[in-house]
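Visitor: First the structure, then my questions, so here it is.
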Amino acid sequence: MRYEEYTIEGRNAVTEAFRSGKTIDKLYVLDGCHDGAVNTIKTLARKQDTIVNYVNKERLDQMSATGKHQGVIAQAAAYDYAEVEDILQAARDKNEPPFIFLLDEIEDPHNLGAIIRTANLCGAHGVIIPKRRAAGLTATVVKASAGAINYTPVAKVNNIAKTIEELKKEGIWFVCADMGGEVMYRHNLTGPIGLVIGNEGNGVSRLVKEKCDYVASIPMKGDIDSLNASVAAGVLAYEIVRQRLQGN
């Protein structure tokens, strides 16, 4: 997959991408540019609820592969997003209690791809990511998922904390990964469950953590204090799998 396939440069190309219905994750616009063509693009972005980032010319020049960005660069999703309801329906179709990954601002596309792969292999019904301050379904993510993206729906939401509140109404319990929590083996992680994994540097945000029913830690005996986010997701996910298989 090439950069050019999912990064769209130039006013006409970006406008046509929006009008064709292509899913645009992020739009980068030259700060201070307000001419008619750019304003049209910003209007189209608002209609699609695309994140708009205002940046300086140097940043756009660094991002550009063609050198002809004309003050606008769009990043299109390399794969279609699902809806949260699609994930719940996947669980119903399999007659299984929902098992969902919720990612609180995972920024590294390789981590996101690896987590989607893990979600598929451990039988999770889908992955939920936030719109802002997080990696989207870029070509790098699709490649890192090693094909799992074809089988595991990924939904994008405005607010992870609010989504947790809504999913609790469906009877789902939530556990987040945090070094300050109770060791994961002491939690009952069977039944309908959402596994929350936090940002690579800051972990799970305070607001999201407060919405979770359990805070689980992974026992570590080494000399460094944390695991890579995708590795932590795998360790916790397979504790959930173990408990589901054994009935805790």
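Visitor: Kindly report, to the nearest 10 Å², the accessible surface of MET179 as traced by a 1.4 Å probe over protein heavy atoms only.
Guide: Result for MET179: roughly 130 Å² accessible.
Visitor: Averaged per residue, what accessible surface does segment 90-139 expose to a 1.4 Å probe, in Å²? Don't skip to the end; give the middle numbers.
Guide: Numbers: 1930 Å² over 50 residues.
Ligands and nucleic acids excluded, the result is 39 Å² per residue.
Visitor: Separate question: Given the options THR140, THR118, THR66, state which has the largest fluctuation in a GNM of the chain using a 10 Å cut-off (strictly under) for Cα springs.
Guide: Result: THR66 has the largest fluctuation of those listed.
Visitor: Where the centre of each part is set by its Cα atoms, how far does segment 188-248 sit from segment 14-76, in angstrom?
Guide: If we compute the Cα centre of each part, the gap is 37 Å.
Visitor: Taking a ≥ b ≥ c as the square roots of the eigenvalues of the Cα gyration tensor of segment 34-81, is the shape rounded (a/c under 1.5), prolate (a/b larger than b/c) or oblate?
Guide: Here segment 34-81 falls in the oblate category.
Visitor: If you don't mind, there's one more thing I want to ask. What three numbers, in Å, describe the spread of the alpha carbons of segment 64-168 along their principal axes, ordered from the longest?
Guide: 52, 29, 19
Visitor: Then there is this: Roughly speaking, to the nearest percent, how much of the chain's 1.4 Å accessible area is carbon and sulfur?
Guide: Details: 5820 of 12580 Å².
On the chain, the fraction of accessible area on carbon and sulfur atoms equals 46 percent.
Visitor: Arrange the residues VAL52, VAL154 by how much accessible surface each exposes, largest first, with a 1.4 angstrom probe.
Guide: VAL52, VAL154
Visitor: Segment 1-100: which GluC sites (Glu not before Pro) are DSSP loop and have at most 16 other beta-carbon atoms within 10 angstrom?
Guide: Values: sites: GLU4, GLU5, GLU9, GLU16, GLU58, GLU83, GLU85; in loops: GLU83.
Listed in order of number, the matching sites are GLU83.
Visitor: Once you keep just the Cα pairs under 8 angstrom separated by 6 or more residues, what percentage relative contact order results for the chain? Intermediate values should be presented prior to the final figure.
Guide: Working: 471 pairs, mean separation 44.1, N = 248.
The normalised contact order for the chain reaches 18 percent.
Visitor: Would you please give the residues with an amide H less than 5 Å from that of GLY194, counting only those at least 5 places away or on a separate chain, with H modeled from the backbone geometry?
Guide: ILE100, TRP173, PHE174, VAL175
Visitor: A further question on this structure: Go through segment 168-248 and name the trypsin sites (Lys or Arg not before Pro) that are in a DSSP coil and have 14 or fewer other Cβ atoms within 10 Å of their Cβ. Mind showing how you got there, number by number?
Guide: Details: sites: LYS168, LYS169, ARG186, ARG206, LYS209, LYS211, LYS221, ARG242, ARG244; in loops: LYS169, LYS221.
Taking segment 168-248 and a limit of 14 other Cβ atoms within 10 Å, the loop trypsin sites (Lys or Arg not before Pro) found are LYS169, LYS221.
Visitor: Only loop residues by DSSP count here, and only those with at most 16 other Cβ atoms within 10 Å; note down the trypsin sites (Lys or Arg not before Pro) in segment 56-100 that meet that. Working shown, then result.
Guide: On the way: sites: LYS57, ARG59, LYS68, ARG92, LYS94; in loops: LYS68, LYS94.
Sparse-neighbourhood loop trypsin sites (Lys or Arg not before Pro): LYS68, LYS94.
Visitor: Stick to the Cα atoms of the chain, pair each with every other, and give me the Kirkwood hydrodynamic radius in Å at one decimal. Don't skip to the end; give the middle numbers.
Guide: Details: mean 1/r = 0.0524 Å⁻¹.
Kirkwood radius, the chain: 19.1 Å.
Visitor: Same structure again: Say a paramagnetic label sat at a point 7 Å from the Cα of ARG186, along Cα to Cβ; which residues of segment 200-242 have their backbone N under 18 Å from it?
Guide: 213-221, 236, 239-240
Visitor: Can you pull the accessible area of ASP35 for me, 1.4 Å probe, Å² to the nearest 10?
Guide: Approximately 60 Å² of ASP35 is accessible to the 1.4 Å probe.
Visitor: Around ILE128, which amide H atoms from residues at least 5 apart in sequence, or from another chain, sit under 5 Å from its own amide H, with H modelled in the peptide plane?
Guide: Hits under the 5 Å cutoff: PHE101, LEU102, LEU103, ALA155.
Visitor: Under a plain spin-label model, where a point goes 7 Å from the Cα along Cα-to-Cβ, how far apart in nm are GLU85 and ARG133?
Guide: Spacing of the two 7 Å Cα→Cβ label points: 3.0 nm.
Visitor: Rounded to the nearest 500, what is the chain's calculated 222 nm mean residue ellipticity when only DSSP H runs of at least 4 contribute -39500 (n - 2.57) each, over all residues? Mind showing how you got there, number by number?
Guide: On the way: 10 runs with 95 residues, N = 248.
Taken over the chain, the calculation gives -11000 deg cm²/dmol.
Visitor: Calculate the spin-label point distance for SER226 paired with LYS57, positioning each point 7 Å from the Cα along the beta-carbon direction, and give it in nanometres.
Guide: Computed distance between label sites LYS57 and SER226 equals 3.8 nm.
Visitor: In square angstrom, rounded to the nearest 10, how much accessible surface does TYR6 have for a 1.4 Å probe?
Guide: 50
Visitor: Now for a separate question. Quick one: 3J(HN,Hα) in Hz for segment 75-84, Karplus 6.51/-1.76/1.60 with θ = phi - 60°, rounded, Gly and Pro as x.
Guide: Listing the rounded values in order: 10, 8, 5, 7, 8, 6, 7, 9, 9, 4 Hz.
Visitor: May I ask you to evaluate 6.51 cos²θ - 1.76 cosθ + 1.60, the Karplus curve with θ = phi - 60°, for each residue of segment 200-217 and list the ³J(HN,Hα) values in order in whole Hz, giving x for glycine and proline?
Guide: Per residue, the Karplus-derived 3J(HN,Hα) values read 4, x, 9, x, 6, 5, 4, 4, 5, 4, 5, 7, 7, 7, 10, 10, 10, 10 Hz.
Visitor: While we're here: Would you kindly enumerate the cysteines in the chain that have no other Cys beta-carbon under 4.7 Å from their beta-carbon?
Guide: So, CYS33, CYS122.
The values are calculated or read from the model by the stated rules, or taken from the named source; none is laboratory data. Since we're looking at a predicted model, the values are computed, not measured. Don't worry about glycine lacking a Cβ; one is built from the backbone with ideal geometry, like all the others, and counts go over all protein chains shown. Quick note on the areas: whole protein, heavy atoms, side chains included, nothing else; ligands and nucleic acids left out. Shrake-Rupley method; radii C 1.70, N 1.55, O 1.52, S 1.80 Å.
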